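Enquirer: Handing you this structure, nothing more for now.
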Amino acid sequence: MNEVSSPIEATHSFSSHKAVYFISDMHLGATSFDHPLDYERRVVRFLDSIKADCQALYLLGDVIDYWFEYKYVVPRGFTRFLGKLGEFTDQGIEVHWFTGNHDIWIFDYIEKETGAQVHRQGGLYTIQGKTCYLAHGHGLGHDTVAFKWMTRFFNSPVCQRMFSWIHPNLATAFALRWSAHSRATGGKYPNFLGEDKEHQVLFAKQYMKEHPAPDFFIFGHRHIMLDLMLSRQTRIVILGDWIQHFSYAVMRDGNLSLDQFEIDESLYEEEQRDGVSICF
Ligand SMILES: [Mn+2]
């Protein structure tokens, strides 16, 4: 999958002056949460707070920490969140869900049940007259051979079918443990590494050399909040997460800004002082 040379292009035009919202990396259901429902409730409170003003909602991946759907069975949990997405689409608010590396195995349940449009690849979208390169952002700027093979493996219908034959109790327990294990041993994501080291920033710069520059690159995955000018016209925005930052981007009349929901500034600064973000 070469996202540099073959981006999808689409225009999402909206008539009103309402806002378009972007969030990512909620990792709902992660076993490392002490009180997972509190995290889900916070996301739902945010969605309630924007509902009257929202013309479209973009979920840029890793919305759910682990998801695999079987022909007649889906993983337990996420009731409030999925219900809220259904409420949005029933009221005519567009919801776009870009899959990340954690929620890669969404098949047709989310679209059928919640009305969200699922996108399995990043691409160029025109929103409020601005061109936006949207993607979860895993692999961008460092799509190594190993990464390409792993992506091919995870996306292979044959592998997916074989995985679906494993009993869900076993498969889900294994996947959740793997996810928690990679967090415990793996590492941590550092804070912003600098323009010359951040893969997504390097990807964006390379993209701009080979294509007409979009107005915005908007990515998730890194669990940092970043709003950086790449040129006089182009900015890259990395959305943070809903584990530590509770952050989102909002576009109104073509102006994009990054903000946080229900943040106690003093506590937040204290938590950020150790200089690392937990890796998901
Ligand atoms: Mn990710």
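Values in this text are rule-based calculations from the coordinates and carry no lab data. Model, not experiment: these values are computed from the prediction. So basically every Cβ, Gly included, is an ideal-geometry build from the backbone, and we count neighbours across all protein chains shown.
Enquirer: Quick one: which of 169-175, 85-91 comes out on top by average Cβ neighbours within 10 Å, and what's the full order, highest first?
Expert: Per-residue mean Cβ counts within 10 Å order the peptides as 85-91, 169-175.
Enquirer: Using a cut-off of under 19 Å, list every residue of region 66-90 whose amide N is near the label point 7 Å from the Cα of N169 along the Cα-to-beta-carbon line.
Expert: Residues 68-77 fall inside that zone.
Enquirer: Sorted by mean Cβ packing within 10 Å, highest first, what order do the peptides 205-215, 253-263 take? Can you show the working numbers first?
Expert: On the way: 205-215: 15.4, 253-263: 13.5.
Answer by packing, highest mean first, reads 205-215, 253-263.
Enquirer: Greater than 28 Å separation of Cα atoms is the criterion. Which listed pairs, K112/K209; K84/K205; K130/K205; K18/K209; K51/K209, meet it?
Expert: K112/K209; K84/K205; K18/K209; K51/K209
Enquirer: What are the residues whose amide H is under 5 Å from the amide H of E69, where those residues sit 5 or more places off or on another chain and H is modelled from the backbone?
Expert: HN-HN under 5 Å from E69: F107.
Enquirer: While we're here: Give me the percent relative contact order of region 115-213, please, defined on Cα pairs under 8 angstrom at least 6 residues apart.
Expert: Relative contact order of region 115-213: 23 percent.
Enquirer: Out of residues 5 or more away from H96 or on other chains, whose amide H comes under 5 Å of its own, with H placed 1.01 Å from N in the peptide plane?
Expert: L57, Y58, L59, Q117
Enquirer: If you build a Gaussian network model of the chain, linking Cα atoms that sit under 10 Å apart, which residue out of F78, F163, F219 swings the most?
Expert: F163
Enquirer: Only residues of region 231-245 count here: report those whose backbone N is under 20 Å from the spot 7 Å along Cα→Cβ of F33, or say none.
Expert: Flagged as within label range: 239-245.
Enquirer: Contact order normalised by length for the chain, with contacts defined as Cα pairs under 8 Å and 6 or more residues apart; what percent is it?
Expert: With pairs under 8 Å counted, the relative contact order is 22 percent.
Enquirer: Here is a follow-up. Under the 0.36 nm per residue contour assumption, what length would be gained going from the current alpha-carbon distance of Q206 and T126 to full extension?
Expert: 26.8 nm
Enquirer: Can you work out the FRET efficiency for the pair S231 and E9, with r the C-beta to C-beta distance and R0 = 22 Å, to the nearest 0.05?
Expert: The formula returns an efficiency of 0.60 here.
Enquirer: For the chain, set up a GNM with springs between Cα atoms under 10 Å and report which of S32, S266, S24 has the largest fluctuation.
Expert: S266
Enquirer: Rounded to the nearest 5, what % of the DSSP beta bridges within the chain are antiparallel ones?
Expert: 45 percent
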